[in-house]
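Undergrad: The structure follows.
Readers should treat all values here as calculations from the given coordinates under stated rules, not as data from a laboratory. Values in this document were obtained by computation on a predicted structure and should not be read as measured data. Backbone-built Cβ (ideal geometry, glycine too); neighbour counts: all protein chains shown.
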Amino acid sequence: MSDVQIKSAAEAELMRQSGKLLAQVFTMLDDYIQVGMTTMDINNRVEGFIINELDARPASKGQYGYQYSLNTSVNEVVCHGVPSETYRLKSTDIVNVDITLEKHDFIADSSKTYLLPDASPLAKRLVQTTYEAMWQGINTVKPGATLGDIGHAIQKYAEKSGYSVVREYCGHGIGREMHEEPQVLHYGRPGLGLTLKAGMTFTIEPMINQGNAKIKTKKDGWTVVTRDKKLSAQWEHTILVTETGYEVLTLRETEAV
């Protein structure tokens, strides 16, 4: 607990501002992403939008030596997909876009999985279930709950639907740094783990696989894929623990709590 940064009201307000800006990026992308564009097109549009229109910083660029402003994870890519100048989105694809944004020294982190127009019913079901699983976790957040409660809610929902939860990657504390304590697992047992307190900020970002949970990292050192080559989906929000429950700092206009 000593390593977990409890945010003051002033710090939470700055994080709220970063989160609202990041939500605007996804609103822009909703009308931008289309069949035939490259994933580098998405990266370049987002980078320009964050810098020039929001007067903020794409926090992923330069982090851990990463060259780009976001991750684009297509189909069987679980996470950390590197934008490509040659891969063009197909009408049947799903693509997760994972973006971080820094404003006034505080970072927000969010992702959304987009369905291209001819994505299969099975792909749509996976993407929708992953979104719902994220909300199952978010809805457990309140002072006195535990990290195990979050993980259990996500795992139970995903596995009930016939999917598997990636275990090698997790949510994380966030604030002045992109990755702070605690680690937020997307599986677990109720009542176990760190007890939540008001002022904590962290991400919930389940990666849910259509097949089994086994993954591998490609030779580029970044791109993580499913071993069975089946689809994977992810959604993510940055969460503030409030005195009575939670606030989704990166909530988008199209979403309702």
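Undergrad: Tell me, what HN-Hα J-couplings in whole Hz come from the Karplus equation 6.51 cos²θ - 1.76 cosθ + 1.60 at θ = phi - 60° for each residue of region 62-73, using x for Gly and Pro?
TA: Residue by residue, region 62-73 yields x, 6, 6, x, 6, 8, 10, 8, 7, 10, 10, 10 Hz.
Undergrad: Cα to Cα, under 29 Å, and not fewer than 8 places away if on the same chain: which lysines meet these conditions relative to K229?
TA: Result set, ordered by chain and number: K61, K90, K112, K124, K156, K160, K214, K216, K218, K219.
Undergrad: Can you list residues from other chains, or at least 5 along the same chain, whose modelled amide H is less than 5 Å from the amide H of M200?
TA: Sorted by chain and number, the residues that satisfy this are K7, V241.
Undergrad: Do the sum for the chain: with -39,500 (n - 2.57) for every DSSP H run of n ≥ 4, divided by all residues, what is the mean residue ellipticity at 222 nm, to the nearest 500 deg cm²/dmol?
TA: Details: 4 runs with 66 residues, N = 257.
The helix-only estimate for the chain comes to -8500 deg cm²/dmol at 222 nm.
Undergrad: Can you compute the modelled spin-label distance between R189 and A10, with each label point 7 Å from Cα toward Cβ, in nm?
TA: In this crude spin-label approximation the distance works out to 4.3 nm.
Undergrad: For the peptides 92-103, 142-153, what is the packing order when you average, over each peptide's residues, the other Cβ atoms within 10 Å and list the highest mean first?
TA: Ranking the peptides 92-103, 142-153 by packing returns 92-103, 142-153.
Undergrad: Hey, can you rank 4-17, 192-205 by average C-beta count inside 10 Å, highest first?
TA: Sorting 4-17, 192-205 by mean packing, highest first, produces 192-205, 4-17.
Undergrad: Can you pull the Kirkwood radius for region 9-248, inverse mean 1/r over Cα pairs, to one decimal in Å?
TA: Radius from the Kirkwood sum: 17.8 Å.
Undergrad: Grab the Cα-Cα distance for R227 and T244, subtract it from 0.36 nm times how many residues apart they are, and report the gain in nm with one decimal. All intermediate terms of the calculation are to be shown ahead of the outcome.
TA: Working: separation 17, 0.36 × 17 = 6.12 nm, distance 4.13 nm.
Here the answer is 2.0 nm.
Undergrad: Now a separate question. Please list 3J(HN,Hα) in residue order for region 160-177, calculated via the Karplus relation 6.51 cos²θ - 1.76 cosθ + 1.60 where θ = phi - 60°; whole Hz, with x for glycine and proline.
TA: Each residue of region 160-177 in turn: 4, 8, x, 10, 10, 9, 5, 9, 6, 10, 8, x, 7, x, 8, x, 5, 10 Hz.
Undergrad: Placing +1 at every Lys and Arg Cβ and -1 at every Asp and Glu Cβ, with all other atoms neutral, what dipole size does region 9-248 have around its Cα centre, in debye to the nearest 20?
TA: Numbers: 25 positive and 29 negative charges, 188 e Å.
Using Cβ point charges on Lys, Arg, Asp and Glu, region 9-248 gives about 900 debye.
Undergrad: From the residues L240, T72, Y187, which one has its Cα farthest along the dipole of the chain in the positive direction, the dipole being from +1 and -1 charges on Cβ of Lys/Arg and Asp/Glu about the Cα centre?
TA: Y187
Undergrad: D149: net charge of surrounding residues, Cβ under 12 Å, Lys/Arg +1, Asp/Glu -1, itself excluded?
TA: Within the 12 Å Cβ shell, the charges total +3.
Undergrad: Just report the Cα centroid separation between region 15-82 and region 116-177, whole Å.
TA: Centre-to-centre distance over Cα atoms comes out at 21 Å.
Undergrad: I would also like to ask the following. List every residue whose amide H lies under 5 Å from the amide H of A145, counting only residues 5 or more places away in sequence or on a different chain, with H placed 1.01 Å from N in the peptide plane.
TA: L196
Undergrad: Set the Förster radius R0 to 22 Å, insert the Cβ-Cβ distance between D55 and T27 as r into 1/(1 + (r/R0)^6), and round the FRET efficiency to 0.05. Spell out each step's value before the answer.
TA: On the way: r = 17 Å, r/R0 = 0.76.
With R0 = 22 Å, the Cβ-Cβ based efficiency is 0.85.
Undergrad: Give me the percent relative contact order of the chain, please, defined on Cα pairs under 8 angstrom at least 6 residues apart.
TA: Computed over the chain, the figure is 23 percent.
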